[in-house]
Amino acid sequence: MRALPDAFIAAIVKLAQEAPLIWLFEIQLDTSYALRITPYLRSVTWPTAGGHVYEPFPLLFDSITASSEADTSTLLLTVPNVDRQLMPSLISYDGLTDRVVLVHLVSKETLAETTALRFDYEIATSAASTDVLTFELGAAELFEMSAPIQHYSRWYCGWRFGDSWTCGFDCSRTGASQTCARTWAACLEKGLEEERANLKNLHPRRARIFAGIPLTD
């Protein structure tokens, strides 16, 4: 097969690098670790200030579509398996079944902002061969989602108590508190409880309380 001219390859790379939209994939492996990859040609930090780093990784996926009822279809995600780079995660986390996958579509021009088109999936099935890994992603169940997704208060924490990804307090520990008033004082107490248990002190740093919100008459 005839090789492509270097100038032609350079033009393709330049076009890909200047693409205005970038896909970001976040596979939540457990409460403390997520695999963040992108089909973009270089690593992407989003948002730019203090955000997560998405490493370049070759992957293929279907077009994301929605039905007339606004239901997001399943998504087939394929990644190479020649170097077995993802196999340790696949083995350690039971084929990644039921793991949450967040798909973000961001603009290259606004990476400093948190604005993005987001799709929530869960891994329904996975398959491995010597050449590729294939994941079938299903849309996260709507009726299992909390609504509203975001709210802001100067008095009460916006996180769901005990949620591993947001609040971070471990309610499964023997003797751990099972309830929280979700106030600043309550969060301080949770931090003291973590210290008494010789755990990493996450509170009140994790408190989602916006004390700067002005009072209304």
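Some notes on this structure:
- In region 184-217, the residue that is farthest from the chain's Cα centre (by Cα) out of those that are over 18 Å from residue 173 (Cβ atoms) and not hydrophobic (A, V, I, L, M, F, W, C) is 217.
- Each residue in region 190-214 was checked for being free of Cβ contacts under 8 Å to residues at least 12 places away in the same chain and assigned to a helix (DSSP H, G or I), and 3 pass.
- Residues of region 85-104 that turn out to be over 9 Å from residue 29 (Cα atoms) and in contact with a helix residue (DSSP H, G or I) (Cβ under 7 Å, 6 or more places away or on another chain), as a count: 1
- Residues in region 65-85 that are in contact with a strand residue (DSSP E or B) (Cβ under 6 Å, 6 or more places away or on another chain) and modelled with pLDDT under 85: 66, 72, 74.
- Just one of (1) touching a strand residue (DSSP E or B) at 6+ places or on another chain (Cβ under 6 Å); (2) over 15 Å from residue 137 (Cα atoms); (3) at pLDDT 85 or above fails for residue 93. It is (3).
- If you filter region 30-50 down to residues that are touching a Ser or Thr at 6+ places or on another chain (Cβ under 6 Å) and surrounded by 12 or more Cβ atoms within 10 Å (Cβ to Cβ), you find that the one that is modelled with the lowest pLDDT is 47.
- Qualifying residue in region 136-143 (condition: in a loop (DSSP other than H, G, I, E, B), at pLDDT below 85 and surrounded by fewer than 17 Cβ atoms within 10 Å (Cβ to Cβ)): yes
The values are calculated or read from the model by the stated rules, or taken from the named source; none is laboratory data. Just so it is clear, the model here is predicted, and its values are computed rather than measured. Positions of Cβ are backbone-derived with ideal geometry, glycine not excepted, and every protein chain shown enters the neighbour counts.
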